[in-house]
1. Scanning for something in a helix (DSSP H, G or I) and either touching a helix residue (DSSP H, G or I) at 6+ places or on another chain (Cβ under 6 Å) or away from chain A (no Cβ under 14 Å) (or both), does segment B:100-113 turn up at least one residue?
2. Within segment B:75-97, identify whether any single residue is surrounded by fewer than 20 Cβ atoms within 10 Å (Cβ to Cβ) and part of a loop (DSSP other than H, G, I, E, B), and answer yes or no.
3. I'd like to check something: does segment B:374-390 contain any residue that is small (Gly, Ala, Ser) and within 14 Å of another protein chain (Cβ to nearest Cβ)?
4. Picking from A:Ala85, A:Ala74, A:Ala55, which residue would you name as being surrounded by fewer than 17 Cβ atoms within 10 Å (Cβ to Cβ), at the interface with another protein chain (Cβ under 10 Å from one of its Cβ atoms) and at pLDDT below 90?
5. Determine whether B:Ala365 is more than 13 Å from the chain's Cα centre (by Cα), modelled with pLDDT of 90 or more and away from chain A (no Cβ under 14 Å).
6. Return the total of residues in segment A:21-52 being at the interface with chain B (Cβ under 9 Å from one of its Cβ atoms) and outside any helix (DSSP H, G or I).
7. Give the residue that is nearest to B:Ala205 (Cα to Cα), with candidates limited to residues of segment B:261-288 that are surrounded by fewer than 18 Cβ atoms within 10 Å (Cβ to Cβ) and without any contact (Cβ under 8 Å) to a residue 60 or more places away in the chain.
8. So B:Glu202 fits all but one of (1) without any contact (Cβ under 8 Å) to a residue 40 or more places away in the chain; (2) within 13 Å of chain A (Cβ to nearest Cβ); (3) of a type in the set (D, E, K, R); what number is the exception?
Amino acid sequence: MSVSLVLLIVMAVLYACGIYLMLERSMTRVLLGFLLVGNATNLLIIIMAGQSGVAPIVEDGVTVDEMTDPLPQALILTAIVITFAVSAFLLALIYRSWRIEQDDDVDDDEDDVAMRLGDTGVPVEQTDAASVDTEFGIRAEAAITEARNLEEQDELAAAEAAGLSEHPQNDDKQNVDNQKTEKGAAE
Amino acid sequence: MNALVPLVVLIPLLGAALALILGRRPALQRIVTVLVLAAVLVVGVILLIVVDTGEPLVVEVGGWAAPYGIVLIVDRLAALMVVVSAAVLLAVLVFSVGQGLADGHDETPVSIYYPTYLILATGVFNAFIAGDLFNLYVGFEILLVSSYVLITLGGTQARIRAGVTYIVVSLVSSMFFLASIAMIYGAVGTVNIAQISTRMAEIPADVQILLHVMLLVGFSIKAAVFPLSFWLPDSYPTAPAPVTAVFAGLLTKVGVYSIIRTETVIFPGPELNPALMVVALLTMVVGVLGAVAQADIKRLLSFTLVSHIGFMILGVSLGSAEGTAAAIYYIVHHIVVQTTLFLATGLIERQGGSTSINKLGGLLAASPVIAILFFIPALNLGGIPPFSGFIGKLALFEASAAQGSVLAYILIGAGALVSLLTLYALVRVWNLAFWRGADEVEGYQSELLTNLSEAPHGVKVKKSRTTPRLMIASTGAMVALGVALTVFAGPLYSIASRAGENLEGPSFYVDIVFPNGVPEIGSEGSE
């Protein structure tokens, strides 16, 4: 089995960069890392298909040895679709995390931190703001009251922009977009 | 009877579509979901009877013959796993229906919960009956993607934090799995498990070890085998109670199931068995030591889950028919008991308003029913005779003793110690949450509570006076199922040991896929 050196090097670089990014705390970088690793794995499957050749369609004058192996391509298609779905889900998760906390970093587990610090005290009562139930439907709105209000911000920006320039309609459009995505997230 | 095999996957998949369409009619959606899982349970039981009394069933999807098309295989192991999973999924579903009804989801229903739950079931069943490595991967992905949705359900801050850990770790394990499929394809030119098994023997030993380890790492992350188990206690406890219950019961066991297939069919050789035994030892000991240090019941149970995965790996690592049979019985026992304990914890959470043993008290007086529903599975998990935990552990120890190496005897000792420590952790929960009075909770001083630490901002749940009958009933049914594992231990164990015999060496599995011998055409794929 012969292997294309270029593909092999590209795969190695993709794996290296992808794994580096996946070790980051920022979820956006983790997503990018996942995309790179996913593509590196797809390349690996292609490499494992062996020598490339003509399309695997049975016709006169083409022997089996000249054809490309079609199965890995089917496997890659499936893998691409799965990667795509997972990335979409991760993006939604990043957006949600940003709405709640204004950042997309992954925090340490509270219990682990307590264990490490040997903090054996009786738990402190929680403040209301942190424990608002965001579990379902309409109540989800309650959880993000302390999040940055996008509309207000846009209005502020629009007011500022109106003072400086003559393009308020752009900001209006952005407002509508934000409302749309927010609706999507709530659902 | 072959027609029944694809139904195991198709019924929940189509049911999920129907449930999604019925998103605006919650009552109808619940009925559909319950009926769908009940139907799968019936199909599963029929399959188990057919397969146990007769021949294993092999379905070539779309009529394409074995090495070219996808095969679905139901042998005794797969049928047994399908039945147990369907029963557990159904019980947990009824539990969550009860919880949803009580908490008033009628006004604000999570319309995607039931469809996602059914897709999770689809993935689990697909993984069990897959006869093709890539189909197994697809089954895993189906169940993982729906588990991502379920673990972040509601999208609170804590759940997103926990969910991200879980998702990223699962992605890494999937990539390991996919990369090892690619490399196995490169080495043997097929993804059909039976054909891989016959061709793998011709591959150089060092390449075999590499592929073997790659595959095991991917599965071990999913099965939460030490040192790849760190993610589990971090991520499981924050999900809603029914979700945690079904994750704890089923998802890790799909990983263990895949490890069994790997060790018995794809790489039946004993090369890695000693390594697996060491890993089993570490999983048992480290897991239970984590459990002893936890104050939160859900985290404690997550650690015992990790610890008991070690018992199953022990059974697999023995490489004998008795060991595999004991592991299979133990998986069945553990799916049922671990799920029951998480459901009972869900009830404790409702009744006591917390899952921390620092804060709970007086539950025996408040709700004797919950006390019983927690106590029986707790003893069961700890391995007190005559419960199924004792039978499973006894079988594992006997199989280890039969193998007779020094390592096997060390594992027997460690297993006994781990059982005692599990019992200690669970009885402490019982003592503090149920036995001590509610008035003693303030300023309680006890040896039991020293060295316990937990997050200062623990999850707070609204206390509720009433516990819905449906939740009690489904937990009760699970407890009864756990007891039935003892009552019917004879027939069940004989199924498990026949399954174990079938899995001794790959020849049985290869013969059912290729009754007329393995075809040699098509081998030019990768050369």
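The values are calculated or read from the model by the stated rules, or taken from the named source; none is laboratory data. Since the structure is predicted, the reported quantities are computational estimates derived from the model, not experimental observations. Note that we place each Cβ from the backbone using ideal geometry, even for glycine, and neighbour counts take in every protein chain shown.
1. Start the filter on segment B:100-113 by keeping residues that are in a helix (DSSP H, G or I), which leaves B:100-102, B:113.
Then drop every residue that is not either touching a helix residue (DSSP H, G or I) at 6+ places or on another chain (Cβ under 6 Å) or away from chain A (no Cβ under 14 Å) (or both), which leaves none.
No, every residue in segment B:100-113 fails to be in a helix (DSSP H, G or I) and either touching a helix residue (DSSP H, G or I) at 6+ places or on another chain (Cβ under 6 Å) or away from chain A (no Cβ under 14 Å) (or both).
2. Within segment B:75-97, none of the residues are surrounded by fewer than 20 Cβ atoms within 10 Å (Cβ to Cβ) and part of a loop (DSSP other than H, G, I, E, B).
3. Of segment B:374-390, the ones small (Gly, Ala, Ser) are B:378, B:382-383, B:388-389.
Still in the running and within 14 Å of another protein chain (Cβ to nearest Cβ): none.
No - not one qualifying residue is present in segment B:374-390.
4. Working: A:Ala85 fails: at pLDDT below 90; A:Ala55 fails: at the interface with another protein chain (Cβ under 10 Å from one of its Cβ atoms).
A:Ala74 is the lone residue from the list that is surrounded by fewer than 17 Cβ atoms within 10 Å (Cβ to Cβ), at the interface with another protein chain (Cβ under 10 Å from one of its Cβ atoms) and at pLDDT below 90.
5. Details: more than 13 Å from the chain's Cα centre (by Cα): yes; modelled with pLDDT of 90 or more: no; away from chain A (no Cβ under 14 Å): yes.
Criteria not met by B:Ala365.
6. 2
7. My answer is B:Pro270.
8. Evaluating B:Glu202 over (1) without any contact (Cβ under 8 Å) to a residue 40 or more places away in the chain; (2) within 13 Å of chain A (Cβ to nearest Cβ); (3) of a type in the set (D, E, K, R) leaves (2) as the failure.
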